[in-house]
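Each remark here refers to the structure printed beneath this line.
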Amino acid sequence: MDQIRNLQIQLKTMAEVVSCEVERIYDTLTCLVCHTLELLKITPRDEAAVDRWLADEGFAVGEDGFYLSLPRLAAHRQGKLEKAAVSYSWSPDRIRDPAARRRMYCHRNMGPMLMSLYQRFGGVAWIYYQDVTNTALQYPYIDQITAITPDFQWSGYHTYLSVKPEANPERAIRWTHPTVDYAGKGLILSASAPVYENDEFVGLWSLDITVDTLIRPDIFTRARESRLTCVADDRGVVLACSKDINVLGSPKGKKVLLPLSDLHPGFATLDMEKLHRTPSGNRLLSSETGEYLLLWEVVEYMDWICLSVLDKNDLLSSARERFRKAFSSLSKGNGDAIIQRDRLPPELAEVGDAYNIMVHELELARTLLLAQKEDLSRAKATAEAASQAKSEFLANMSHEIRTPLNGILGMLQVLQKSNLDREQKEFIDYAMLAGKRLTRLLSDILDISAVEAGKLSLSCSGVNLRETLSSVETLLGFNAREKGIGLRFSLDPRLPEIILSDETRLRQVLFNLVGNGLKFTSAGSVSVDVSPLATWKPTCGGLLITIADTGTGIRDEQLETAFEMFGQVSRGYVRPHQGAGLGLPIVKRLVALMGGAICIDSTLGRGTTVYVSLPISKDMEKAPPPDAASAVAGHAVCADESSGAVATAEILLVEDEPINAFAMAQMLKKRGFEVVTATDGAKAVEKLKDNPFDAILMDIQMPVMDGVEATRRIRKGEAGEMHRDVPIIAMTAYAMDGDMKKFIDEGMNGYIAKPTDIEELAALIQRVLCEQDGQ
């Protein structure tokens, strides 16, 4: 029945709208809980500091009996209080309670954050934290005496009762019944999340949302007068309804427990538990007053259900059939599928008129669309060609820049091994740093381009979190020690040892963020904490990576552009920190590609904290260990490879660029290798016929014959059967994503990108030689 299906779709849409709002609330509560735990963790236990804060804020027992900031209360009553101010509900008998004092002190700077959440949601009446010590903070600021009395016990409040350990052993987010707000906001629904510190229940975060905001009246479509739609919980208590629920004159804090059976006779015999077992459906109900059609849709993640009931006689089967035939005809492209208005019942006449207008407009739109289709086709072809041209240009520019850069860095590495006085060595070191910075900038530009083009893919395998953190600490530890900055890494023991992720991209995210922290910190420390991230979804957990520094911080207005490409915190000609402004944009795109999220909390002059959340499914915890993944990939390590010794070997260096060939040959010789050079692939094949070589370093782009073709011919035996399996390493300026796999698939044994570091190259040669010996 088309009408019933349409009604069901309307109800499903309504349930989805409510579910989306609920999901936003759950995410916000989870964020607030995580933020509280972080504050409790990082705030020093300093009773003197707490005393100073209370004194500075002017806390005292006021004339109304509350212990609170008297200057703030006075400013509020005069209408002069700052918008981000938070009010505290503090009974005088808890003035000296150390736990109450400390936890309120930890939350003292949350006003701006709560104000931002309040403004974003719009319909939130109150955001507040309740503590087990009978203290609380609340936003927006409220003159407490207008809502509660100083002897009010939060432990008896409905939100506290819903999440305390005895009522909520699973520590989930809980909802309360509709309640008349204490402070005059009308009928509200409250969602609360418990806070556990070191497995001890210490308090909760709550959001009070007005019913009309969470379940908007405009979603209760009433195309028929006989139709009634509502949202109820699993106990049959009405949360919101298309029929007005009058709460005027009800006392503060009263629960509005309106049963479904009071709304409509069709609800009188409903079994709510049975309905919840079927997420969606419809059926006919009979009562003394007639027959009714019941439709229901369960709200995802909740014990709520959307219901509609209407008279059976309202289904109007003949009108339904006319509409069905008209839409069927329209779907076949018949622009004359008009409904005759005089054959419709009066209540559907307007719908018929609207349908006929729509048919006319669709026919006009169809004509326009046909004309636009050809334009869009041409535009698509042009865009695809431009994208392809951009990719080819970047690949070519990468190659053309890396080739001379390899020569420059190569010659500098040769000079480093020569006899230099102290000043000359310092000059060479500075030049090497500048060259490596240029190389990193080139890689960042290519990564950004690959992500935007959708060509950057993840390679998931088992990742050892502890080893990954250790590698980042090793790489950046020197920079920290050189600046006299503390660098600390912490891994929560509750996390699995191995997770499933892209190790390269995860390390890149950590390296960029920790490197940023070190760059903008001149004194103090940079700390990295990795902990499990709580989630309300039963099938999903996550990682929370927190990178905090004590650096310069970022202005609030600059936080909005922190993730924009080429954006800089410093403007104008004064640039205390160098950089192209690509680090954070790359990190944001990589985190999004990995299914996570990133946010920044910063205070100018005091430091910056970056939060990165990454999802971990249940399957991730069963990921194979990294060693197994490496073995599958064929990255075997020789037993003596870690010793650093380099065996004497004869290398054929195939390179058409004279400076690169000279620099690389000199570096290899200084490492003890014997080197013979060839300027193209054809000459390399000829030299291999007459001379056995232990390994070949093969450039890719060369005149006469490129490196890929030369490799194919060697593997076919054209340089002699005995040389068919000679180890070949691609040493190339092709460094785009996917290039390494392409060259390995062509039969090469290893890959290294230009500009080449001699230490990495020597280690790679040693590895492929060991693998060759082990075959």
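The values are calculated or read from the model by the stated rules, or taken from the named source; none is laboratory data. This one's a predicted model, so the numbers in the text were calculated from it and none came from an experiment. Cβ atoms come from the backbone with ideal geometry, glycine included; neighbour counts cover every protein chain shown. In case anyone asks, the SASA skips ligands and DNA or RNA and just uses the protein heavy atoms, side chains included. Shrake-Rupley method; radii C 1.70, N 1.55, O 1.52, S 1.80 Å.
Here the 3J(HN,Hα) profile of the stretch 478-495, calculated from phi with Karplus coefficients 6.51, -1.76 and 1.60 at θ = phi - 60°, is 4, 4, 5, 5, 5, 8, x, 10, x, 10, 10, 10, 9, 10, 5, x, 6, 6 Hz, Gly and Pro shown as x. Pairs with C-alpha atoms separated by more than 27 Å, drawn from the list Lys12/Lys380; Lys164/Lys254; Lys380/Lys742; Lys417/Lys754, are Lys12/Lys380; Lys380/Lys742. Solvent-accessible surface of protein heavy atoms, probed at 1.4 angstrom with all chains present, puts Lys83, Lys380, Lys243 in the order Lys83, Lys380, Lys243, largest first.
For Lys417, the solvent-accessible surface with a 1.4 Å probe is about 110 Å², rounded to the nearest 10. Computed from label points 7 Å out along Cα-Cβ, the spacing between Ser116 and Ser329 is 5.8 nm.
Sorting 472-483, 721-732 by average packing, meaning the other beta carbons within 10 Å per residue, from highest down gives 721-732, 472-483.
Computed from phi, the 3J(HN,Hα) profile of the stretch 657-674 under the Karplus parametrisation 6.51, -1.76, 1.60 (θ = phi - 60°) reads 7, x, 5, 4, 4, 5, 5, 5, 4, 5, 5, 5, 5, 5, 8, x, 8, 9 Hz, with x in place of Gly and Pro.
Residues whose amide H falls under 5 Å from that of Ile728, counting only those 5 or more places apart or on a different chain, are Ile696, Asn749, Gly750, with hydrogens built in the peptide plane. Among the trypsin sites (Lys or Arg not before Pro) in the stretch 123-228, those located in a DSSP loop and surrounded by at most 13 other Cβ atoms within 10 Å of their own Cβ are Arg222. Accessible surface of Arg488, taken over heavy atoms with a 1.4 Å probe and every protein chain present, rounds to 110 Å². When only Cα pairs below 8 angstrom with a gap of at least 6 residues are kept, the stretch 148-221 shows a relative contact order of 23 percent. Normalising by residue count, the stretch 668-775 has a Cα convex hull of 103 Å³ per residue. Sorting 588-595, 504-511, 282-289 by average packing, meaning the other beta carbons within 10 Å per residue, from highest down gives 504-511, 588-595, 282-289. Projecting label points 7 angstrom from Cα along Cα→Cβ for Ala74 and Arg45 puts them 3.6 nm apart. By a 1.4 Å probe calculation restricted to protein chains, Glu361 has an accessible surface near 110 Å², given to the nearest 10. Spin-label pair Ala763-His35: with each label point 7 Å from Cα along the Cα-Cβ axis, the two points sit 4.2 nm from one another. Under a model in which nothing but the beta-carbon of Lys, Arg (+1) and Asp, Glu (-1) is charged, the stretch 64-111 shows a dipole of about 160 debye around its Cα centre.
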